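First comes the structure, then the notes that go with it.
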Amino acid sequence: MSDIQSKDSSKVGAFKKLSAVKGMNDVLPGESAKWEWLESKVRSLMAQYAYRNIRTPIVEPTALFVRGLGEVTDIVEKEMYSFEDRLNGEALTLRPESTAGVVRAVVEHNMLYEGGKRLYYMGPMFRHERPQRGRYRQFHQIGAEVLGFQGPEIDAEVILLAHDLWQAIGLKDVRLELNSLGQPPERLAHRAALISHFEKHPDVLDEDAKRRLYTNPLRILDTKNPAMKEVVESAPQLMDFLGEVSLAHFNALRQILDMNGVRYTLNPRLVRGMDYYNLTVFEFITDQLGSQGTVCGGGRYDYLIEQVGGKPAPAVGWALGLERVLALLEEQGALPPDAVPDAYAIVPDAGSLPLVLKYLRSLRAFGIKVQMHAGSGEGVGSMKSQFKKADGSGAAYALIFGADELSQNKVSVKSLRDGNGAQRSESLDSLETWAHSLQSPH
Ligand code: ATP
Ligand code: MG
């Protein structure tokens, strides 16, 4: 007996039920309507900012992430879904994030040849984390990446883009935290100070921190271990190691944000989880989602393009977590109601269905959202049960395609929501004169 064909008590039919992989969720209708709503808001805002969509593969060479994100990072050390291609043994990974893939594509297609590019993406990412609210193994990001531009006004542009997105979707109470990670020589000086600071407190360092002390001490600052809070807070701050040029970049960015009325707080301990960042880093954070409070994070990554094999070029971007943004909108009661059809077609006689199908397509061509009744067993069911379905669909109107009506090329239109169920008769020969009256205002 095979593993899927067992005498398990949980089975209903001949086969045992299978479930989704832990930490990976189905998005069912109702929920998916919210996703589509958010995605469409993002698309129209991206168009206003003249950012263009890019779609890269979900599977990339493992080396891309090891090289791009850094060997000594949570993602590369413990969170990647990696496997060998069965046929040629190539080391592959389900993308844990999309910046590296976008950069790979930009380099591969020589996209910066005629100047900078503004791009955005949406899609699933994969990280082997401990599943909890706001933290999944398949989750979804929307990201913006701007490549080929140097100045702080571009850092400001991507931050404003995110800020405007919160406005467009009605998201409240996210605060912006800002820091600068400086440039490699500044990081090197800070690194030495950081190592000697942590060396003085060996007993509070956890396993990860001990392992990273000499390979990537900056990562220790990104710890989620509350026991290390104090040693991290007393650590030397990168800001104190920044030279004039880095400071000027940071101050210019702050000025632009001030000018645009974007409020932020400085967080000298904000370092982000990947190694590719330099200069500006930022996060949008909420207190309303427990410990999974970062809804969006990003920064500058001026050295990644070169690391992936391209001609050096500056870049900046961010990614937001769709599940977290939706959870926060839900928390704030800011999600739109589920979409419903305008009308529900009641068909008392199954023999009329072919003709009704034809009329409904004509109505749809006038922009009406209409759902046709269909039977789930023998026949189409009683009028009463059809009306129950019509009511449950949320439609404002029932269209009754009775045999009598059809023989006169007519349909009865009954209001389902106005209380007294007003009913009128309309001609199927002149749909264009009344179809629009079925349309709901939104
Ligand atoms: P965290 O500190 O919460 O682990 P991160 O720094 O690893 O987040 P990024 O890699 O910057 O996150 O990804 C950007 C955004 O994607 C996060 O701010 C978050 O909203 C979302 N995100 C990251 N990991 C997950 C996950 N496992 N499940 C759901 N959303 C996630
Ligand atoms: Mg993480």
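The values are calculated or read from the model by the stated rules, or taken from the named source; none is laboratory data. Just so it is clear, the structure is predicted and the values come from calculations on it, not from any experiment. Cβ atoms come from the backbone with ideal geometry, glycine included; neighbour counts cover every protein chain shown. Side chains included, ligands, DNA and RNA excluded: accessible areas come from the protein's heavy atoms. Shrake-Rupley method; radii C 1.70, N 1.55, O 1.52, S 1.80 Å.
The set of residues from segment 295-336 being open to solvent by 40 Å² or more (accessible area, probe 1.4 Å) and more than 8 Å from ligand 1 (Cβ to nearest atom) comprises 303, 306, 307, 309, 311, 312, 330, 331, 332, 333, 336. Could you tell me whether residue 292 is assigned to a loop (DSSP other than H, G, I, E, B), within 19 Å of the chain's Cα centre (by Cα) and closer than 30 Å to residue 64 by Cα? Spelling it out, residue 292 is indeed assigned to a loop (DSSP other than H, G, I, E, B), within 19 Å of the chain's Cα centre (by Cα) and closer than 30 Å to residue 64 by Cα.
Yes/no per residue for (1) modelled with pLDDT of 95 or more; (2) more than 16 Å from ligand 2 (Cβ to nearest atom); (3) within 20 Å of residue 297 (Cβ to Cβ):
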| position | (1), (2), (3) |
| --- | --- |
| 84 | yes, yes, no |
| 90 | yes, yes, no |
| 97 | yes, no, yes |
| 100 | yes, no, yes |
| 112 | yes, yes, no |
| 118 | yes, yes, yes |
| 123 | yes, yes, yes |
| 144 | yes, yes, yes |
| 148 | yes, yes, no |
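So, residue 76, is that one open to solvent by less than 50 Å² (accessible area, probe 1.4 Å) and either outside any helix (DSSP H, G or I) or more than 16 Å from ligand 1 (Cβ to nearest atom) (or both) or not? So residue 76 does not fit the description; no. Among the residues of segment 316-371, how many are touching a strand residue (DSSP E or B) at 6+ places or on another chain (Cβ under 9 Å), farther than 30 Å from residue 305 by Cα, modelled with pLDDT of 95 or more and not in a helix (DSSP H, G or I)? Selection size over segment 316-371: 11. Just one residue in the set 398, 435 is touching a residue at least 60 places away in the same chain (Cβ under 8 Å) and either assigned to a strand (DSSP E or B) or touching a helix residue (DSSP H, G or I) at 6+ places or on another chain (Cβ under 7 Å) (or both); that residue is 435.
Matching residues to (1) assigned to a helix (DSSP H, G or I); (2) in contact (Cβ under 8 Å) with a residue 12 or more places away in the chain; (3) open to solvent by less than 30 Å² (accessible area, probe 1.4 Å):
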position	(1), (2), (3)
144	no, yes, yes
164	yes, yes, no
167	yes, no, no
172	no, yes, no
194	yes, yes, yes
214	no, yes, no
219	yes, yes, yes
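Find the residue count for segment 221-235, including only residues that are surrounded by fewer than 17 Cβ atoms within 10 Å (Cβ to Cβ) and either of a type in the set (A, V, I, L, M, F, W, C) or more than 20 Å from residue 72 (Cα to Cα) (or both). Adding up the residues that qualify gives 6.
Of all residues assigned to segment 279-287, at least one qualifies as being more than 16 Å from ligand 1 (Cβ to nearest atom), touching a helix residue (DSSP H, G or I) at 6+ places or on another chain (Cβ under 7 Å) and either in contact (Cβ under 8 Å) with a residue 24 or more places away in the chain or on the phi > 0 side of the Ramachandran plot (or both).
For segment 406-420, taking the residues that are open to solvent by 40 Å² or more (accessible area, probe 1.4 Å) and of a type outside the set (Gly, Ala, Ser), the one that is farthest from the chain's Cα centre (by Cα) is identified as 408. Quick check on segment 236-272: of everything there that is in contact (Cβ under 8 Å) with a residue 24 or more places away in the chain and small (Gly, Ala, Ser), which residue is surrounded by the most Cβ atoms within 10 Å (Cβ to Cβ)? Only one residue fits best here, namely 246. Among the residues of segment 37-62, the ones that are in a helix (DSSP H, G or I) and either within 16 Å of ligand 1 (Cβ to nearest atom) or surrounded by fewer than 14 Cβ atoms within 10 Å (Cβ to Cβ) (or both) come to 7 in all.
Taken as a whole, the structure leaves residue 275 outside the set of residues that are within 16 Å of ligand 1 (Cβ to nearest atom), open to solvent by 10 Å² or more (accessible area, probe 1.4 Å), farther than 27 Å from residue 119 by Cα and part of a loop (DSSP other than H, G, I, E, B).
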